[in-house]
Amino acid sequence: MDPIIQCVPNFSEGRRPEVVEEIAAAVKGVDGVTFLDVEADADHNRCVLTMIGPPGPLGEAAFRACAKAAERIDMTAHQGGHPRMGATDVVPFVPVRGAGLEDCARLAGKVGERIGTELGIPVFLYGEAARREERRNLAAVRKGQFEGLREAIGTDPAREPDFGPARIHPTAGATAVGARFFLVAFNVNLATPDAKLARRIAKAIRASSGGLPHVKAIGLALEEKGQSQVSMNLTDYRVTSMAKVFEEIRRRAGDAGVQVAGSELIGFAPSDALVRAAAEALAIEGFEPGQVLENRL
């Protein structure tokens, strides 16, 4: 049985549905790859694709999607609430079945080299694929975003890419390609347009500020909804679950006199992450994935 790997590339486009569909179509045209989902957000001005497959076809699909994004997205005109450094901002590979992080790291290296060589886009390897310890953290790789990297690449040796030219691509920017454990992209919306509160809560709960472990968070405005959002990546849901972070945000928002308007899961999450969240939220003792009927069947 072929190993199965997941790829969840993020693109700097969430406001032009036709462009999002063109990128998705590039993936759907690759035999052996199963396209699972695409989600776009106008406030973030970002879309996320989810696909799975064996390493070879999956790498080809990821490359084709990057090529289409480079063709259709101009970073010099891009604005949005989410940090970004390229048309294809990040390409993570995640082990699903019959593969480990080392397999994903090898695939990341192959795809990254191809993006750099064939598309002329500087590529930084991150996570388990990183070749420099300081690049294991995606936030460190993306520091300065597109505009900052445009000035730094080629002048600062610390920003030398792993593949591709030592200069920013004039319109497609730069791309991070890596390997990682399952990441849960989870957002909590606040019933206030005041993004200052969302940013304050995000700073308080993220791990880098001494908050909850394995939580990355930013605060931003949701102008279309008249709300604000604490947007998060939970890099190890086994340590900090969706239930735990939701309750912490609700508590802090309540202290400021603001209610939580809702939450959203971006893309997919392992059933184990949902079981853990349910067990914590409902205080169910000893609740296990095997108690979910579909899992047992």
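Observations on the model:
- Selection status of Pro122, in contact with a strand residue (DSSP E or B) (Cβ under 8 Å, 6 or more places away or on another chain), closer than 23 Å to Ala269 by Cβ and either among the hydroxyl-bearing types (Ser, Thr, Tyr) or assigned by TED's automatic domain parsing to the domain that holds Phe163 (or both): no
- The set of residues in segment 248-278 that are in a helix (DSSP H, G or I) and in contact with an Asp or Glu (Cβ under 8 Å, 6 or more places away or on another chain) contains only Val275.
- Qualifying position, being crowded, with 24+ Cβ neighbours inside 10 Å and either assigned by TED's automatic domain parsing to the domain that holds Lys143 or touching a helix residue (DSSP H, G or I) at 6+ places or on another chain (Cβ under 7 Å) (or both), among Ala69, Ala77: Ala69
- All of Ala105, Ala40 fail the test of being in the same structural domain as Val141 (by TED's automatic domain parsing) and closer than 18 Å to Ala179 by Cα, apart from Ala105.
- Unique residue being surrounded by fewer than 20 Cβ atoms within 10 Å (Cβ to Cβ), in contact with a strand residue (DSSP E or B) (Cβ under 8 Å, 6 or more places away or on another chain) and among the hydrophobic types (A, V, I, L, M, F, W, C) when the list is Val96, Val111: Val96
- Residue in segment 151-168 that is modelled with pLDDT of 95 or more, touching a Ser or Thr at 6+ places or on another chain (Cβ under 8 Å), in a loop (DSSP other than H, G, I, E, B) and over 18 Å from Ala207 (Cβ atoms) present: yes
- Out of Arg159, Arg200, Arg150, sole residue that is more than 16 Å from the chain's Cα centre (by Cα), in the same structural domain as Phe268 (by TED's automatic domain parsing), over 23 Å from Pro95 (Cα atoms) and of a type outside the set (Asp, Glu): Arg200
- Only one of the listed residues (Gly210, Gly144, Gly173) is crowded, with 18+ Cβ neighbours inside 10 Å and farther than 23 Å from Phe268 by Cβ. That residue is Gly173.
- For segment 5-23, filtering for residues that are closer than 18 Å to Pro83 by Cα and either part of a loop (DSSP other than H, G, I, E, B) or not aromatic (Phe, Trp, Tyr) (or both) leaves 7.
- Residue within segment 133-142 that is farther than 13 Å from Gly86 by Cα and part of a loop (DSSP other than H, G, I, E, B) present: yes
The values are calculated or read from the model by the stated rules, or taken from the named source; none is laboratory data. Because the structure is a prediction, the values reported are computed rather than measured. As a convention, Cβ positions derive from the backbone with ideal geometry for all residues, glycine included, and neighbour counts pool all protein chains shown.
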